[in-house]
Amino acid sequence: MASHSTPRLPLLLRLYHYGLAALEPAAAGVLLSRRRRGKEDPQRMRERRGLAGRERPDGHLAWLHGASIGETMAILPVIERLTRRGVTVLVTSGTRTSAEIIAKRLPPGAIHQFVPIDVPRYMRRFLAHWQPDIALFAESEIWPNAILALEQRNVPLILINGRLSERSFQRWSRVPRLAEALLSRFSLCLAQAKPDAERLQRLGAPRVGVAGNLKFDSPPPPADPRIVEALQGMIAGRPVWVAASTHPGEEEMVVAIHRALARKYPKLITIIAPRHPHRGEAIAEIARDSALNPARRALGEQPEREVDFYIADTVGELGLFYRLTPLVFVGGSLIPHGGQNPIEPAKLGTAILHGPHVHNFDEVYTALDGSGGALPVADARALAAALEDLIADTALTREMARAGYESVQSLGGALDRTLRAVEPFILDVKMEQR
């Protein structure tokens, strides 16, 4: 692509760059601390320092980066399209959970590595080995030293599925020269929605487009049909609902809601899938303290007939539990967290309930609520009342599920728009290398 002028590095960016270079030994210490707490894969620690876990394949290579599970799942269709065109895709993420899940779903021609910490030497080492022809970062991943290192190697950098909340915009607005210096180095920023695009432009991104939200084009999470059938058999004839992606504070509410509903529906089984699976035992304790009989999937326990509170404290199995029930409460929304992604349960045909705090997914919830596919509730008491009504009214539950499915399907198309916008950069890379 044609070169473009970028502002001189502001003092804050230079301090960040040289400061992290000087603090490299401290960064290594942070990694060791994270490993002790189980947050790093001990077998792949080298990757976090920019040391490759495998050889670079020949040919064109695109680097796609998503921070965690949500971002990497959203860009999976982009990965699949690029590999079909013969481009090797290097996928990076920063969490163990995302690595475990993405490893099961990457197509042939794609490689996963942990993203290096944003230390200049680590990033230079990473890029020297992988030599990407193009880099695509998802949502709001803006790492200064990675951006500078890509510019030094003249690698086009594109933000895809870009998201910038009002809260993040206000934070970046306090350092306007830094924001402009970083965003001006993106060859293109593709935003999820018009408000995101406007915020990026106001912060200094010179080339911005709106492509839509790639999550609408992502396939629903898979599940083994044999396991689905086995669990359906175990809970057959019992009212069931799922509390998905719950956070601390909500788990106590879910226990209280189960107790309230069980007075009318004594055979009720509640399935809770916490956002952080390591909380499984803590949630089991909360349930036991309320005289419930919990079982934990992480321990290999099953939802037998005497179990009334099943804790799905495993990684990558939400697709299984969404297939077991027509009713899902999506967490992170009864507390001021901002909500979790409701697109997956909507695609799998469930009626969705959520609390008032959903600013992380405003566009999605506005569409779902407007179509009747989702129902907002103010608090735990209102959630219990809504669940009681929907368990009794299976026709209304089915109608909500149908409306939610049609709503998310109608919002697709971001994948094609994203690839059309990225295509000229890929063609330019191929032309330059002939």
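The values are calculated or read from the model by the stated rules, or taken from the named source; none is laboratory data. Note that this is a predicted model, so its numbers are computed, not measured. Note that we place each Cβ from the backbone using ideal geometry, even for glycine, and neighbour counts take in every protein chain shown. These area figures cover heavy atoms from the full protein model, side chains too; ligands, DNA and RNA do not enter into them. Shrake-Rupley method; radii C 1.70, N 1.55, O 1.52, S 1.80 Å.
For the stretch 1-126, what is the Kirkwood hydrodynamic radius in Å, using each pair of distinct C-alpha atoms?
The Cα-based Kirkwood calculation yields 16.1 Å.
Given N residues in the stretch 141-191, what is its alpha carbon radius of gyration divided by 2.2 N^0.38 Å? Numbers along the way, then the final one.
Working: Rg = 11.2 Å, N = 51, 2.2 N^0.38 = 9.8 Å.
The reported ratio for this selection is 1.14.
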Revision key, fill the gap. So, relative contact order of the stretch 1-144 in percent, Cα under 8 Å, 6 or more apart, is 31
Study note, to complete from the structure: At the level of C-alpha centres, the distance separating the stretch 118-183 and the stretch 76-107, in angstrom, is 19
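I need the per residue convex hull volume for the stretch 368-412, using only the alpha carbons, in cubic angstrom as a whole number. Walk me through the intermediate numbers first.
On the way: hull volume 2.7 nm³, N = 45.
Per residue, the Cα convex hull of the stretch 368-412 comes to 61 Å³.
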Revision key, fill the gap. Counting every C-alpha pair in the stretch 340-426, the percent lying more than 14 Å apart is 66
Point to revise | In sequence order, calculated HN-Hα J values of the stretch 348-359 (Karplus, 6.51, -1.76, 1.60; Hz; x Gly/Pro) | key: 9, x, 10, 6, 10, 10, 7, x, x, 9, 10, 5
Point to revise | Long-range tail of P(r) for the chain (Cα pairs > 39 Å, %) | key: 24
Practice item. Would you pull out the residues with amide H under 5 Å of VAL208's amide H, same chain only if 5 or more places away, H placed 1.01 Å from N? Key: CYS189
Check your understanding: Roughly how many nanometres apart are two label points built 7 Å out from the Cα toward the Cβ at ARG238 and ARG288?
Key -> 1.9
Point to revise | Whole-percent pair-distance distribution, where bins are 5 Å wide, for the alpha carbons of the stretch 218-299 | key: 3, 13, 22, 25, 19, 13, 5, 1
**Study point:** Largest to smallest principal axis extent of the C-alpha atoms in the stretch 23-78, angstrom
**Key:** 34, 28, 22
Study note, to complete from the structure: Heavy-atom accessible area of GLU198, protein chains in place, probe 1.4 angstrom, given in Å² to nearest 10, is 90
Study note, to complete from the structure: Rounded to the nearest whole number, the per residue volume of the convex hull around the C-alpha atoms of the stretch 252-409 in Å³ is 104
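Rolling a 1.4 Å sphere over the protein heavy atoms, what is the accessible area per residue of the chain, to the nearest Å²? Write out the running numbers ahead of the final one.
Working: 19070 Å² over 434 residues.
Accessible area per residue: 44 Å².
Please compute the volume of the convex hull spanned by the alpha-carbon atoms of the stretch 267-350 and report it per residue in Å³. Each step should come with its number before you reach the end.
On the way: hull volume 8.8 nm³, N = 84.
Each residue corresponds to 105 Å³ of Cα convex hull volume.
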Review point. For all pairs of alpha-carbon atoms in the stretch 253-311, what percent lies in each bin of width 10 Å, listed from the first bin to the last filled one?
Key: 25, 59, 16, 0
Point to revise | Inter-centroid distance (Cα atoms) of the stretch 383-416 relative to the stretch 190-229, Å | key: 21
Practice item. May I ask you to list, by number, the DSSP H helices of the chain whose Cα span along the axis is at least 20 Å and whose average Kyte-Doolittle hydropathy reaches 0.0 or more? Key: 414-432
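Using alpha carbons only, what's the Rg to Rh ratio of the stretch 64-140 with Rh from Kirkwood? Write out the running numbers ahead of the final one.
Values: Rg = 11.9 Å, Rh = 12.6 Å.
Dividing the radius of gyration by the Kirkwood radius yields 0.94.
I'd like to know how the stretch 96-222 sits against the 2.2 N^0.38 Å rule of thumb: what's its Cα Rg over that expected value? Please report the intermediate quantities before stating the final value.
Working: Rg = 15.5 Å, N = 127, 2.2 N^0.38 = 13.9 Å.
That works out to 1.12 for the stretch 96-222.
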